[in-house]
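Trainee: Have a look at this one.
The values are calculated or read from the model by the stated rules, or taken from the named source; none is laboratory data. Note that this is a predicted model, so its numbers are computed, not measured. Note that each Cβ is placed from the backbone with ideal geometry, even for glycine, and that neighbours are counted across all protein chains shown. What goes into the accessible areas is simple: the full protein's heavy atoms, side chains included, and nothing from ligands, DNA or RNA. Shrake-Rupley method; radii C 1.70, N 1.55, O 1.52, S 1.80 Å.
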Amino acid sequence: MACVLEAPLRMSVLSEVTASSRHYVDRLFDLDPQKVLQGVIDMKNAVIGNNKQKANLIVLGAVPRLLYLLQQETSSTELRTECAVVLGSLAMGTENNVKSLLDCHIIPALLQGLLSPDLKFIEACLRCLRTIFISPVTPEDLLYTDATVISHLMALLSRSRYTQEYICQIFSHCCKLQHWHSCGFKSLPQPLLCANGPDHQTILFNHGAVQNIAHLLVSTSYKVRMQALKCFSVLAFENPQVSMTLVNVLVDGELLPQIFVKMLQRDKPIEMQLTSAKCLTSMCRAGAIRTDDSCIVLKTLPCLVRMCSKERLLEERVEGAETLAYLIETDVELQRIASITDHLIVMLADYFKYPSSVSAITDIKRLDHDLKHAHELRQAAFKLYASLGANDEDIRKKIIETENMMDRIVNGLSESSIKVRLAAVRCLHSLSRSVQQLRTSFQDHAVWKPLMKVLQNAPNEVLVVASSTLCNLLLEFSPSKEPILESGAIELLCSLTQSENLALRVNGIWALMNVAFQAEQKIKSDILRGLSTEQLFQLLSDSDVNVLMKTLGLLRNLLSTRPHIDHIMSTHGKQIMQAVTLILEGEHNIEVKEQTLCILANIADGTTAKELIMTNDDILQKIKYYMSHSNVKLQLAAMFCISNLIWNGEEGSQERQDKLRDMGIVDILHKLSQSSDPNLCDKAKTALQQYLA
């Protein structure tokens with residue numbers, strides 16, 4: 001019986017709720033302006049702190065009517081102001097509320113309201129705009145659709161401390177950036193700006209944001225100072241133009257960096273310390289402040305390390321660690337200083353134990369919040385460990401020796417949060433630059449297994465870092481190399497070389513180059529089969545020089561040891577010679593041509609393969625040309641080709657020597673034996689001895 005009653009019961013409750021809300025909306029349509037005003041004021045009091053009431057009023061169509069009243073010139077200023085206040089209150093509810101307001105085109109209506117001469121109304125519009133723009137569902141570009149808006153907002157900055165606070169807050173939320181760059185170790189490119197970041201920064205900068213906001217840093221209002229500071233922290237991020245300007249700005253006779261330093265002193269509120277540290281970090285990373293400047297080494301860095309202590313709130317620890325990771329990311333000395341400040345490496349281990357069963361958190365709401373956000377701490381710790389271990393072997397050793405570190409990374413690689421997975425891979429990548437760790441900890445914990453799993457199915461940003469790490473795990477001295485290859489890595493890497501993403505193409509070919517180094521013939525054949533001749537040509541004609549260089553490096557590694565050279569050239573010789581010809585004829589830099597000549601020298605070292613050079617007059621003429629080139633590197637590489645072709649005691653050496661003599665090679669050798677370059681001179685003399693023997 002209860003089940004039958006359940007649905008009607010719910011409906012009656014809902015209709016009661018909406019009925020109790022309907023009279024608020026009905027009063028907005030009264031013909032008496034005074035009653036309309038009272039209706040709006042009553043609505044304002046009804047919605048404060050009541051999300052259910054807010055949702056009901058939106059469903060009942062209050063928003064279009066409030067916007068109509070707000071825009072009517074016949075409405076009194078008091079009514080228009082109260083409408084803006086109610087709309088602001090509705091925006092403070094759920095994200096769905098904000099979406100409903102955006103669908104009703106609230107932003108153009110509020111921006112229009114800013115043209116009013118009445119300050120109270122302007123402040124109400126700005127407060128509402130602030131609330132809407134700080135919501136994650138509001139597109140930042142909505143602020144930039146009309147070119148006159150920014151200059152008008154700049155002009156309103158001088159009207160009151162409220163206009164200053166709200167406008168700075170709007171700017172800092174509408175300039176959002178995404179945080180968070182041969183056989184050899186693989187490094188990562190620097191983090192890139194998101195596509196729309198620089199445009200927003202540039203628009204605000206060109207409208208005089210720096211000059212208009214700088215003096216607000218010494219406002220008597222804490223809220224104004226704080227919002228101005230936040231504004232500078234996003235304006236300066238990854239922006240040399242803004243950063244270089246900030247360094248020289250004077251406020252009340254003091255330079256901005258000095259004001260920022262004062263703001264990160266221990267007696268200042270934590271959010272002020274953190275935001276000042278972010279400003280100085282951005283200026284340092286943009287090259288406006290030196291990394292060895294005392295304001296960085298003695299003020300900013302220690303302040304950020306302080307933020308990592310367990311006394312701080314979760315979000316402060318996250319922001320502190322992430323900002324510190326960014327500050328020290330590319331500077332070895334800062335990495336060393338940070339690693340020995342306040343036992344930072346050990347302190348970060350606490351990020352993985354939070355909140356613990358014996359947590360000091362007594363506030364249930366805070367505990368619930370922190371349990372939901374604990375993954376952000378792990379992400380921040382991985383990021384900071386990655387920066388700390390980017391260069392120094394001793395620091396990497398300390399990180400790995402921190403309790404259960406490798407297990408934590410392995411667990412991080414399979415976390416549900418994509419951001420934690422990415423940070424864990426970054427950390428692993430940083431530690432994988434250590435020869436010692438590749439041979440020990442990486443092997444003991446079989447990190448290649450979860451890494452290969454990550455590579456099977458991940459978004460590009462994770463794939464780029466994971467494949468960079470794989471490059472290092474495939475170096476010839478890494479014990480992980482064999483099991484990785486057995487688990488199907490070659491096929492995976494060959495597929496990466498076909499990616500539209502440049503970084504993935506580079507990493508795929510780089511890893512294959514490492515695989516081919518001193519590899520057995522079967523592996524080399526697997527690579528050639530997996531790549532296909534067509535794909536090899538595609539890579540050799542890639543517009544990116546990194547892809548081209550790594551592909552040449554791969555070819556060079558494939559064409560090493562005579563039996564391998566002869567075997568590969570017997571199956572792929574024609575295509576490889578064609579590719580070599582194309583590159584030597586093309587508009588390429590010295591390094592590319594040198595690598596190509598080295599491949600020819602390897603082919604010339606084969607037993608049967610060298611005939612592919614000797615029967616190709618075009619190639620021989622090219623080698624001769626590069627022997628007399630103005631660049632010594634190219635001359636040396638061409639000399640290697642000749643030496644391998646004329647070496648005595650090998651079958652057919654006499655015929656090859658005669659043919660090359662007829663081409664004028666001996667005359668060039670005589671000239672080179674007088675070279676001022678000792679290397680070139682020695683090689684030429686050694687080659688001439690082959691003719692005399």
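Trainee: Name the one entry in Asp682, Asp658, Asp667 that is in a helix (DSSP H, G or I), closer than 19 Å to Tyr625 by Cα and open to solvent by 80 Å² or more (accessible area, probe 1.4 Å).
Mentor: Asp667
Trainee: Being modelled with pLDDT of 90 or more and within 33 Å of the chain's Cα centre (by Cα): is that true of Leu555 here?
Mentor: It is true that Leu555 is modelled with pLDDT of 90 or more and within 33 Å of the chain's Cα centre (by Cα).
Trainee: If you scan region 157-167, which residues turn out to be outside any loop (DSSP other than H, G, I, E, B) and buried (at least 18 other Cβ atoms within 10 Å of the Cβ)?
Mentor: Tyr162, Thr163, Gln164, Glu165, Tyr166, Ile167
Trainee: Working carefully through the options Thr94, Thr77, find the one that is among the hydroxyl-bearing types (Ser, Thr, Tyr) and in contact with a Phe, Trp or Tyr (Cβ under 6 Å, 6 or more places away or on another chain).
Mentor: Numbers: Thr94 fails: in contact with a Phe, Trp or Tyr (Cβ under 6 Å, 6 or more places away or on another chain).
Result: Thr77 is the single residue among Thr94, Thr77 that is among the hydroxyl-bearing types (Ser, Thr, Tyr) and in contact with a Phe, Trp or Tyr (Cβ under 6 Å, 6 or more places away or on another chain).
Trainee: Step by step: first the residues of region 33-56, then only those that are exposed (fewer than 14 other Cβ atoms within 10 Å of the Cβ) and assigned to a loop (DSSP other than H, G, I, E, B), then the one that is modelled with the lowest pLDDT. Which residue is that?
Mentor: Gly49
Trainee: Related question: Among the residues of region 419-471 satisfying the criterion of being of a type in the set (Ser, Thr, Tyr) and part of a helix (DSSP H, G or I), which is surrounded by the fewest Cβ atoms within 10 Å (Cβ to Cβ)?
Mentor: Restricting attention to region 419-471, the residues satisfying the condition of being of a type in the set (Ser, Thr, Tyr) are 430, 432, 434, 440-441, 467-469.
Filter once more, so that each one left must be part of a helix (DSSP H, G or I): 430, 441, 467-469.
Details: Ser430: 26, Ser441: 19, Ser467: 28, Ser468: 25, Thr469: 29.
Top of the filtered list is Ser441.
Trainee: Show the residue pairs that are 6+ apart or on different chains and have beta-carbon atoms under 7 Å apart, the first residue being within region 157-175 and of a type in the set (Lys, Arg) and modelled with pLDDT under 95, the second being open to solvent by less than 10 Å² (accessible area, probe 1.4 Å) and part of a helix (DSSP H, G or I).
Mentor: The qualifying pairs do not exist here.
Trainee: Could you list, in sequence order, the residues of region 287-321 that are assigned to a loop (DSSP other than H, G, I, E, B), aliphatic (A, V, I, L, M) and modelled with pLDDT under 95? Before the answer, list the steps.
Mentor: Filtering region 287-321 down to residues assigned to a loop (DSSP other than H, G, I, E, B) leaves 287-293, 307-313.
Adding the requirement that they be aliphatic (A, V, I, L, M) leaves 288-289, 307, 313.
Answer for region 287-321, where residues must be assigned to a loop (DSSP other than H, G, I, E, B), aliphatic (A, V, I, L, M) and modelled with pLDDT under 95: just Leu313.
Trainee: Continuing with the same structure: Among the residues of region 73-80, is any touching a helix residue (DSSP H, G or I) at 6+ places or on another chain (Cβ under 6 Å), farther than 27 Å from Leu204 by Cα and of a type in the set (Val, Ile, Thr)?
Mentor: yes
Trainee: Another question, if that's okay. What tally of residues in region 231-278 results from selecting those that are of a type in the set (Asp, Glu), within 22 Å of Lys310 (Cβ to Cβ) and in contact with a helix residue (DSSP H, G or I) (Cβ under 7 Å, 6 or more places away or on another chain)?
Mentor: Looking only at that region, the number is 1.
Trainee: Which members of region 213-267 meet the condition of being open to solvent by less than 60 Å² (accessible area, probe 1.4 Å) and among the aromatic types (Phe, Trp, Tyr)?
Mentor: Once the filter is applied, which keeps residues that are open to solvent by less than 60 Å² (accessible area, probe 1.4 Å) and among the aromatic types (Phe, Trp, Tyr), region 213-267 yields Phe232, Phe237, Phe260.
Trainee: I would also like to ask the following. With the structure loaded, tell me whether Ser653 is modelled with pLDDT under 90 and not aromatic (Phe, Trp, Tyr) or whether it fails that test.
Mentor: Details: modelled with pLDDT under 90: yes; not aromatic (Phe, Trp, Tyr): yes.
Taking the combined requirement at face value, the residue satisfies it.
Trainee: Can you tell me which of Ser525, Ser499 is over 24 Å from Leu634 (Cβ atoms), of a type outside the set (D, E, K, R) and part of a helix (DSSP H, G or I)?
Mentor: One residue alone meets the criteria, Ser525.
Trainee: Shifting gears a bit: If you scan region 59-83, which residues turn out to be aliphatic (A, V, I, L, M) and either open to solvent by 30 Å² or more (accessible area, probe 1.4 Å) or within 39 Å of the chain's Cα centre (by Cα) (or both)?
Mentor: Val59, Leu60, listed by residue number.
Trainee: If you don't mind, there's one more thing I want to ask. For region 472-496, which residues satisfy the criterion of being part of a helix (DSSP H, G or I), charged (D, E, K, R) and open to solvent by 30 Å² or more (accessible area, probe 1.4 Å)?
Mentor: Listed by number, the residues that qualify are Glu482, Glu486, Glu491.
Trainee: Could you tell me which of the residues Leu87, Leu126, Leu66 is in a helix (DSSP H, G or I) and either in contact with a His (Cβ under 6 Å, 6 or more places away or on another chain) or closer than 21 Å to His200 by Cα (or both)?
Mentor: Criteria check complete, one pass: Leu126.
Trainee: Starting from region 419-437, keep only residues that are among the aliphatic types (A, V, I, L, M), then list their pairs with residues that are not in a helix (DSSP H, G or I) whose Cβ atoms are within a distance under 6 Å, requiring at least 6 positions of separation or different chains.
Mentor: Ala424/Leu413; Leu431/Gly389
Trainee: Check Leu129, Leu143 and return the single one that is at pLDDT 95 or above and crowded, with 22+ Cβ neighbours inside 10 Å.
Mentor: Leu129
Trainee: For residues that are open to solvent by less than 40 Å² (accessible area, probe 1.4 Å) and either over 12 Å from Ala604 (Cβ atoms) or β-branched (Val, Ile, Thr) (or both), tally how many sit in region 630-651.
Mentor: 5
Trainee: Which pairs have Cβ atoms under 8 Å, sit 6 or more apart or on different chains, and link a residue in region 386-415 that is among the hydroxyl-bearing types (Ser, Thr, Tyr) to one that is open to solvent by 20 Å² or more (accessible area, probe 1.4 Å) and assigned to a helix (DSSP H, G or I)?
Mentor: Listed by first residue and then by second, the contacts come to Thr402/Val346; Ser414/Arg421; Ser414/Pro450; Ser414/Lys453.
Trainee: Of the residues that sit in region 497-526 and are within 13 Å of Lys550 (Cβ to Cβ) and over 22 Å from the mean Cα position of the chain (by Cα), which one is surrounded by the fewest Cβ atoms within 10 Å (Cβ to Cβ)?
Mentor: Phe517
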